[in-house]
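In what follows, a structure is listed as structure tokens, so that the remarks can point back to it.
A short reminder: the numbers here are calculations on the coordinates, not readings from a lab. The shown structure was predicted, so the numbers you read here are calculated from the model rather than taken from an experiment. Cβ: placed from backbone, ideal geometry, glycine included. Neighbour counts: every protein chain shown.
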Ligand SMILES: [Zn+2]
């Protein structure tokens, strides 16, 4: 159970808005393997291919046999908390502003020692714990000692909560609330305790089934937002940009065409205009204000979520131009991440597999329901991840892509036949 | 093919003759008339803005790109002393002109695209049929040939080569939602019925048909026989369309001249334009 | 095979560049002053120094190489010893072999650092790759975090109390009050120690060294050279070093001394009972206890009983960190590993700044350095004797 956060007091307008600080962001290149896994919510450590020795901190060669064949493997994180301290002094501003911190030494069953944050729910050493990995506010992996049993949330620890982007009590823009996915996300965010949800609506003359029900949510406020229209995006940013804590980019134009199946570029342009330029317009108008408010009290600007597609990783020829537009958006999201990271604002990308909607009608199951996708989004905000692959198809694709991108390209190429 | 050519030639010459006569008479004093109050101008054009709705088609069809505007510079680092925009739009966005080539029925006519239309057609007399009361009562109101004949009884026979403009006061609907007036059975906006269109094209040899709504056809015209009769018959007969007009309530039933010159787009099917009326004093 | 002995290698000319909390000077200034004081103490021209061993954290981008040109030294033997608190002992070992073998005649061993207002944070942030990747991001407590974890573990595992550690700190302060160069000038009571502000549980303020700027130095040469120069000297009886001992221990509660003490005492020809005073590396009290145990003054895990059984002032039953140690003098970066050596030379040659251990014949100095990740990597110890 997460603590119930009361609606925070309004900000005193004569006080200076606090500026963001970050935990130390520097890591060696080899240590970024830990970050890559933590971005997906996984604990991976280096393991020697030749002798099986587990390594930590990350190394260039095996500490046991000097082999250079070290690979990152998932770990269960089981171990013993052997010592702990509560830090009351810190050198970095980020930690100093949030003292004290509970830090411990954990001896993993794989015979490596890790230094880790210790969750509030963990008892005094010596005791069994489970190490998890999450991203800290600098976007780097942080190891956390959790109780061996039970699964307390990061949110339940007042310090580790800082690693999350909890939607509770926050003001959130959902850029397109008309699509089935957009509607499900609005509902999920409302259920997660969002304080206010601006629901973007383009082409208001087009009705969307189920949309009117959203208006009954007490947090909902429908706003005009057409991400293909720079003026519209600018107008809305001018109106609410200084209040938005989380932007959820749900705009998605999905047409199921391969490049040969659709003459001309008009449809591809529309996909690009919404999926890529739409993100660009939103980012140009909303990101600066998010950065400026990244340390603004307890309900600060904290996250940006993009609903991308697993097709962003590798082109799915039956939806070829759509895949390309999502790949472009994915690329731009990395730019956005680089822009927002110095402020500690996390960019979370969701890469769902086929969704149970009209444009994936001809895709074979398993398909993701909009509600499942929305639940994955809320989980991501409540956790410490930035790359989310919801659903079995997405999980399958990302594994295949990691293992052999060329093989995946060839396999997907076969789907046109 | 031969008939079409002949028809077109005839229309061309009559339209030319029709326009030339008043032009010759009034050339010397048009500006005097405007200054003295002998005539005034009425803007028939909606502002071309990104908010202005475009025609709604099922999403699997190609879509008319709405008007969009991207700032190039505004006295800033992108251009320190000047302000300008790049704009993009479909040919059928905002207050716009439809050329015969727009419809499959007019695709083989000569001079059927906006770049090849006779210049003389860009100024023509207007007959304004006031349907505002009926449209107010019924969004799906259809103008019939009988209505037109009734109008002729009061205002005289529609001259050859004239614009027939259907006034519905639809342009006064400033909220795009009520302007589009869509529900899950489609759009509900007034327009002409198929007989009416045939009557105007064949028996009155008009220059074209103009409306205040988003199309020259009624909102439900996809279900007519043939579908979209105003597009089908008018363009098939080499006639034009004007849509998203406004201020038709400021025009007399007869006597006004419409200036409606589309952009000269190579093989263009239509274009947004600045349409206005010259209204001589009674 | 036992290592060769050090024959007639001696240490002389103990110098200290007075410590200051913060300085606007660079490390080159403190190391340069140390060399100048060595030259002055030995009454030799600078050119007579033909070997140099340098330890410093804040010399970057320079190393010992840059320092030669900076100080105008022409050398035939040069070493840079980046081993933190073990650098002093390791410098002795390197320098002793050089003079034994004729590679150099007079080796200056200097350790020192500057301290700007933000330099400790910056040094800590980039202290090592493992620290950068796996320690500093967890609260940026620096060595406080690491030693808090070791201290908490030691207390739990071996029954030591805060009072035990406090007894050592109070004794060191007493010693420091007699040392005019110590930065801490106020007496410390056990109550002060126990009630000080929490830094990293269980560590409180007086468990933690205070970073400062300063330098220490001494000369290594053969006995004949010292006599020729008329310099009082201490003889080097034995010296050992060890790096990354016991890597499989889950947490550090012993250092490399346990591996090397038998060799050390055999080389020196003396045992723990012969030692008249002990200078340990004391950035945190728990590490003193590991040195008591590792160097054979008490059994492993017996540190608490040992502390309760002895007194540690200069005049006490176990004279220890007789100048006050780093905890009461200050930690001038890499000079911390030289502090105990310089004090031992002073004790054995009768040149003390503060109180002198009566009739001291043998002194044991030990070093400990580089919390690379979760434990100190380098350890060393040397036995020095009066003439
Ligand atoms: Zn190995």
Ignore the peptide's own chain and count Cβ atoms of other chains within 10 Å of each Cβ in A:110-118; give me the average, rounded. 4
For the stretch A:76-162, rounded, prolate or oblate, judged on the Cα gyration tensor with a ≥ b ≥ c (square roots of eigenvalues), a/c < 1.5 rounded, else prolate if a/b > b/c? prolate
Honestly the stretch B:2-280 on the Cα gyration tensor test (a ≥ b ≥ c root eigenvalues; a/c under 1.5 rounded, otherwise a/b vs b/c for prolate or oblate) is just rounded
Going highest first, how would you order A:394-404, B:204-214 by mean Cβ packing within 10 Å? B:204-214, A:394-404
After finding the eigenvalues of the alpha carbon gyration tensor for chain C, what semi-axes result from the square roots of 5 times each, listed largest first in whole Å? 30, 24, 20
Contact order relative to length of the stretch A:76-162, as percent, for alpha carbon pairs under 8 angstrom and 6 or more apart: 29
Tell me whether the stretch A:291-331 comes out rounded, prolate or oblate; compute the Cα gyration tensor, take square roots of the eigenvalues as a ≥ b ≥ c, and use a/c under 1.5 as the rounded threshold. prolate
Need one value for B:63-73: mean number of C-beta atoms belonging to other chains within 10 Å of its residues' C-beta atoms. 3
Per-residue Cβ neighbour rank within 10 angstrom, fewest leading, C:113, B:51: B:51, C:113
Per-residue average of Cβ from other chains inside 10 Å of C:142-150: 5
Among A:308-319, A:140-151, the order from most to least packed when residues are scored by Cβ within 10 Å on average: A:308-319, A:140-151
Estimated Rh, the stretch C:38-80: Kirkwood, alpha-carbon pairs, angstrom: 11.0
Compute the acute angle (0 to 90°) between the alpha-carbon long axis of helix C:143-158 and the principal axis of greatest extent of the alpha-carbon atoms of chain C; round to the nearest 10°. 60
Taking only Cα atoms, what is the 0 to 90° angle, nearest 10, from helix A:370-382's long axis to the longest principal axis of chain A? 40
Chain A: relative contact order from alpha carbon pairs under 8 Å, six or more residues apart, as a whole percent, is 15
What are the equivalent ellipsoid semi-axes of the stretch A:86-242, built from the alpha-carbon gyration tensor (square roots of five times its eigenvalues), in whole angstrom, biggest first? 42, 18, 13
Calculate for chain C the 222 nm mean residue ellipticity that helices alone would give, adding -39,500 (n - 2.57) per DSSP H run of length 4 or more and normalising by residue count, nearest 500 deg cm²/dmol. -11000 deg cm²/dmol
What percent does the relative contact order of chain B come to when contacts are Cα pairs within less than 8 Å and at least six residues apart? 27
Relative frequency of Cα-Cα separations exceeding 30 Å in the stretch A:171-416, percent: 21
With the protein assembly as shown reduced to its Cα atoms and the Debye formula applied, log10 I(q)/I(0) at q = 0.04, 0.07, 0.10 1/Å amounts to -0.37, -0.76, -1.16
As I understand it, the value is the acute angle between the Cα axis of helix C:162-176 and the longest principal axis of the Cα atoms of chain C; what does it come to in degrees, rounded to 10? 30
Compute the distribution of all C-alpha to C-alpha distances in the stretch C:200-301, in bins of 10 Å from 0, and list the percent of pairs in each, rounded to whole numbers. 12, 32, 34, 18, 4, 0
Taking just the alpha carbons, could you work out the radius of gyration and Dmax for the stretch C:1-137, both in angstroms? 16.2, 49
In what sequence, highest mean first, do A:296-304, A:284-292, A:322-330 appear when ranked by Cβ atoms within 10 angstrom? A:322-330, A:296-304, A:284-292
